[in-house]
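None of the figures in this text is laboratory data; all of them are computed from the coordinates on show. Values in this document were obtained by computation on a predicted structure and should not be read as measured data. So basically every Cβ, Gly included, is an ideal-geometry build from the backbone, and we count neighbours across all protein chains shown.
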Amino acid sequence: MYSREEAKKLKEKFWTGFGQFMALVPGEDGQKINWINYKTGIRHLFFRMDADNKNAHIYIEIAHPDEGIRLLMFEQFQTYRTLLHAELDEEWEWDATYYDAYGKPTSRIGKRLDTRVSVFRQEDWPDLIAFFKPRMMALDAFWSTARYGFDLFK
């Protein structure tokens, strides 16, 4: 078992390495992208990756504090569902009301890695990278087309 500080350092090491690896990958439109902290340009809309000692997740999170606007944004994503899944080449789970670790209501569209992996085992890092990289690139390709449909939420 790792101390809290050791666990924090291992996670930082993974995400720093992943960020350096992905820095070589241009975005769909040819621009440089901070893949770890992807900027959608829409407040309260995030593309997130998470890994812990058991799982890895990638997801679109709609965290608008106004429930009505959050659900409108989720509905807007539903109109792009076919395009999203075509870019991802897989189906993702859709949850209009998801409660985060702090009990805050959000909406999520995401995918969990089906095999058990741990960010704390360096031998699992290639599997984590193989999970995150193509999906983040597909999200970027999707967003380069779909983002204009979300301008009303800016």
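Figures for the structure shown
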item	result
Rough spin-label spacing in nm, given labels placed 7 Å along Cα→Cβ, for E75 and E12	4.4
Förster radius 22 Å - calculated FRET efficiency between I36 and R121 (Cβ-Cβ, nearest 0.05)	0.65
Cut-off 14 Å between beta-carbons: net charge of the residues surrounding L83, Lys and Arg +1, Asp and Glu -1	-4
Pairs of alpha carbons in the range 66-126 whose separation is greater than 15 Å (percent)	62
Label-point separation, Y2 to T145 (7 Å along Cα→Cβ), nm	3.8
Mean ellipticity per residue at 222 nm, deg cm²/dmol - from DSSP H runs of n ≥ 4 across the chain, formula -39500 (n - 2.57)	-13500 deg cm²/dmol
Label of the coordinate-derived value, percent of Cα pairs over 29 Å apart, listed as (1) 38; (2) 11; (3) 18	(3)
DSSP beta bridge pairing in the chain, given as percent antiparallel to the nearest 5	100
